[in-house]
């Protein structure tokens, strides 16, 4: 039996936050590799005299080489990334598809994010760690656990769900960096006057390394860097 750790973060996940795009994703590692991979990331930060936490919303021009080296580390390591990108969030028909509310859609997103061909149940257990976002986190975590127990009839391979702080976890910070870049480009912020040059450079470098445009989906079977491009449809 192999145990995998998944570190989930979200961007623009609230229903009425004024943004048309949202993204939820994770970085995944083998649990047995945790210490070695964590030390690898911390050594890169130490080399660049970096602060404790790397966050997309706080990128600095002076640290562009740090961000590039973290991206290099990801692509040279066994760490994997997967996300669901939701465009045109305003088109979501919650009444028709999500029992009338945004929370039901959120739980579906988490389920489809995790329950994919990239996370086969046979021979694997999964421990899921989620960034603390708001005061409803405990309630949502409980509901997510219930969803997975029901879907797998009490035999879910997703055996553990827990909230953790992003400033205390290197892998959540990688997730934040990647979904931040994906959301930024998908909102076309990179084209606006006054767009962040460091963010645009990170986006370009991530696209070069991955071989994909960040505002488009990847091949569905892509295991290293997977973007599922979800575009809401109206009920026919």
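A few points about this structure:
- Only a single item in (1) under 16 Å from residue 169 (Cα atoms); (2) over 17 Å from the mean Cα position of the chain (by Cα) is not met by residue 70, and it is number (2).
- Qualifying residue in region 162-185 (condition: more than 16 Å from the chain's Cα centre (by Cα), crowded, with 16+ Cβ neighbours inside 10 Å and modelled with pLDDT under 95): no
- Residue 44 falls short of the stated requirement of being modelled with pLDDT of 90 or more, assigned to a strand (DSSP E or B) and in contact with a helix residue (DSSP H, G or I) (Cβ under 7 Å, 6 or more places away or on another chain).
- Restricted to region 67-93, and to residues there that are part of a loop (DSSP other than H, G, I, E, B) and touching a helix residue (DSSP H, G or I) at 6+ places or on another chain (Cβ under 7 Å), the residue that is modelled with the lowest pLDDT is 92.
- Output for region 24-39, where each listed residue is assigned to a helix (DSSP H, G or I), more than 11 Å from residue 78 (Cβ to Cβ) and touching a helix residue (DSSP H, G or I) at 6+ places or on another chain (Cβ under 8 Å): 38
- Residue pairs whose Cβ atoms lie under 7 Å apart, sitting 6 or more positions apart in sequence or on different chains, and linking a residue in region 143-165 that is within 11 Å of residue 129 (Cα to Cα) to a partner that is assigned to a loop (DSSP other than H, G, I, E, B), are 163/132; 165/132.
- Contacts under 6 angstrom Cβ, first residue in region 184-213 being in contact (Cβ under 8 Å) with a residue 40 or more places away in the chain, partner outside any loop (DSSP other than H, G, I, E, B) and surrounded by fewer than 19 Cβ atoms within 10 Å (Cβ to Cβ), 6 or more apart: 198/61; 198/64; 201/64; 205/68; 209/75
- Selection status of residue 116, out of contact with any strand residue (DSSP E or B) (no Cβ under 6 Å at 6 or more places or on another chain) and free of Cβ contacts under 8 Å to residues at least 12 places away in the same chain: no
- Matching residues, region 133-154, being under 23 Å from residue 23 (Cβ atoms), surrounded by 12 or more Cβ atoms within 10 Å (Cβ to Cβ), out of contact with any helix residue (DSSP H, G or I) (no Cβ under 8 Å at 6 or more places or on another chain) and modelled with pLDDT of 80 or more: 141, 145
- Flag if residue 113 is out of contact with any helix residue (DSSP H, G or I) (no Cβ under 9 Å at 6 or more places or on another chain), more than 29 Å from residue 40 (Cβ to Cβ) and surrounded by 12 or more Cβ atoms within 10 Å (Cβ to Cβ): no
The values are calculated or read from the model by the stated rules, or taken from the named source; none is laboratory data. Owing to the predicted nature of the structure, the values given are computational and were not obtained by experimental measurement. Cβ: placed from backbone, ideal geometry, glycine included. Neighbour counts: every protein chain shown.
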